[in-house]
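The values are calculated or read from the model by the stated rules, or taken from the named source; none is laboratory data. Just so we're clear, the structure is a prediction, and the values are computed from it rather than from any experiment. Here the Cβ positions follow ideal geometry from the backbone for every residue, glycine too, while neighbour counts run over all protein chains shown.
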Amino acid sequence: MALSTELEILNRVQRQLSGCFLQYVGEIWPWTSVGAEGSKLKTVLDQCVARQKESIAMLIEHLASRQARVEFGSYSADFTDLHYVSLHFLIKHLISSQTLVVESLNRAVTTLPGGDGSQELLIAVRQNEQEVLAALKAAA
């Protein structure tokens with residue numbers, strides 16, 4: 001596989017992560033009700049957002065070191081329908097969205113050959129995102 005194709009795959013994954021629902025919810029927290037019982041859930045959510053930002057940073061560093069253009073994702077306009085709701089309501093949407101992220105990563109890992117570090121990086125990102133999904137499920 002050509003290097004440019006590998007970088008395109010990594011950039012696509014990076015765009016997906018930087019524009020995903022979990023990152024969006026991390027940005028809108030001041031407008032999302034935590035509720036009396038939600039402080040623990042908010043803490044878990046903050047940790048998941050931070051962990052996913054680590055995945056994004058790993059991808060950006062890898063792309064930048066290869067002098068690839070880094071493209072950032074944008075949030076879906078559909079996300080704006082979920083303002084002013086509780087975190088307890090959002091958790092099922094977060095789990096569904098994160099499940100799609102992990103499935104997408106599973107497909108992307110199989111398309112990259114080993115050897116130059118791209119596949120290994122994607123495997124590490126996938127592991128990170130699987131752990132985020134597990135934490136969200138446990139919090140639900």
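Give the residue that is modelled with the highest pLDDT, with candidates limited to residues of the stretch 12-43 that are crowded, with 19+ Cβ neighbours inside 10 Å and over 13 Å from the mean Cα position of the chain (by Cα).
Ranking the candidates gives Leu41 first.
Exactly one of these conditions fails for Ser65: (1) surrounded by 14 or more Cβ atoms within 10 Å (Cβ to Cβ); (2) among the polar types (S, T, N, Q); (3) within 14 Å of Asn11 (Cβ to Cβ); (4) modelled with pLDDT of 90 or more. Give me its number.
With respect to (1) surrounded by 14 or more Cβ atoms within 10 Å (Cβ to Cβ); (2) among the polar types (S, T, N, Q); (3) within 14 Å of Asn11 (Cβ to Cβ); (4) modelled with pLDDT of 90 or more, Ser65 is out only on (1).
Would you pick out the residues in the stretch 75-108 that are farther than 26 Å from Ala124 by Cβ, among the aliphatic types (A, V, I, L, M) and surrounded by 13 or more Cβ atoms within 10 Å (Cβ to Cβ)?
Residues satisfying the conditions are Leu82, Val85, Leu87, Leu90.
Conditions: (1) charged (D, E, K, R); (2) more than 19 Å from Gln127 (Cα to Cα); (3) surrounded by 12 or more Cβ atoms within 10 Å (Cβ to Cβ). Lys53 meets all but one. Number of the miss?
For Lys53, the failing item is (2).
Does Ala108 satisfy the condition of being at pLDDT 90 or above and on the phi < 0 side of the Ramachandran plot?
yes
Among the residues of the stretch 61-111, what is the count of those that are of a type in the set (Phe, Trp, Tyr) and closer than 22 Å to Ala138 by Cβ?
1
Evaluate the stretch 81-102: report whether one residue or more is modelled with pLDDT under 85 and closer than 17 Å to Asn11 by Cβ.
No, the stretch 81-102 has no match at all.
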